[in-house]
Amino acid sequence: MSLQGKKALVTGAGRGIGKGIAIELARRGADLVINDRPDGQDLAGTLEEIRELCPSATAIEANVFERAECERLVSSAVEAKGRIDILVSNPANILWCEYLKFDPDDFERVIAGTLIGGFHISQVVSRHMVERGGGGKMLFISSVHATMPYSPCVAYNAAKSGLNHMARTIALELAPHHINVNCIEPGWINTPGEQETFGEERLREEGEKLPWGRLGMPSDIGKAAAFLVSDEAEYVTAEVLRVDGAFVYKDAKEEV
């Protein structure tokens, strides 16, 4: 699954799943533009790490929750690399709160960051791909929350469910342009954010309860992403791939 010569833009790449995907694409030869929000503190470190695999990698700070910032990011990426062949859209804004107590403004912010942000960045990149011709690959990072009604997480669940359906619809509209559009649904992934929230010991214990016996790692999502944005997946579009170590079936696991 070589990506040699491909120009890829990965948003939310400062750490966690986005970083794992960026590293894997670089390992397979892609020339990368990585992005994270201006208030993040991880993008520079990620760029330094990725440049060991891709010396020409570029980092561009931009808030992809906002349309104008998406346009600036894509324009800068195209200026830096000449074109974009691959987009990995990874914006998200999660907030845990009971439904009856959920502030309406917070609900809108989660939907805006997780769903509408994905629309903005993908549409801007799609227009570039269609204009230049030659097809392309777009991958949205969704979540098992899209189909599992986790509580208390109503806004994030709704946003990820909408993201899946949006991606399938986009895939049908862009099929004549040979732009593949797919989603990945990660399960519980051992990211820095999860470590800060739960701690290493809790994550290890919870991982042992899963059918696969461990939590996922960002590299697990990266490997799946590398397939979906490669030429090997040329006939795969409008698909949602769950990468979760059977997390959604954890309650069906029998103790023996």
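Taken together, the values in this text are just the output of simple stated rules run on the coordinates, not laboratory data. These figures come from a predicted structure and were not determined experimentally. No Cβ is skipped: glycine too gets one built from the backbone with ideal geometry, and neighbour counts run over all protein chains shown.
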Gyration tensor over alpha-carbon atoms, the chain, equivalent ellipsoid semi-axes in Å: 28, 20, 19
Kyte-Doolittle mean at least -1.0 and Cα extent at least 18 Å along the axis: which DSSP H helices of the chain qualify? 67-81, 117-132, 154-174
What helix-only [θ] at 222 nm does the chain give? Using -39500 (n - 2.57) per DSSP H run of at least 4, over all residues, to the nearest 500, the answer is -13000 deg cm²/dmol
Long-range amide H contacts for L87: which residues qualify at under 5 Å (H placed 1.01 Å from N, peptide plane, sequence gap of 5 or more or a different chain)? L9, K137, M138, L139
Cα-centre dipole for the chain with unit charges at Cβ (Lys and Arg positive, Asp and Glu negative), debye to 20: 700
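What number, in nm² with one decimal, is the all-direction average of the projected area of the convex hull of the alpha-carbon atoms of the stretch 150-256? Numbers along the way, then the final one.
Working: hull surface 33.3 nm².
Mean projected area of the Cα convex hull: 8.3 nm².
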Counting sequence-distant residues (5 or more places) and residues on other chains, those with an amide H built under 5 Å from that of L241 are C183, I184, E185
Can you return the lysines within cross-link range of K209? Criterion is Cα-Cα under 16 Å, with same-chain partners fewer than 8 residues away left out. K250, K253
For the stretch 15-38 and the stretch 66-125, what is the separation of their C-alpha centers, rounded to whole Å? 16
Which of the lysines could be linked to K6 by a straight reach, that is with a Cα gap under 29 Å, when you skip same-chain ones fewer than 8 residues away? K19, K81, K137, K160, K223
Got a sec? Charge dipole of the stretch 1-158, +1 on Cβ for Lys and Arg, -1 for Asp and Glu; which of L9, N63, N93 is way out at the positive end? L9
Other-chain or far-sequence residues with amide H under 5 Å of T58's (modelled H): L32, V33, I34
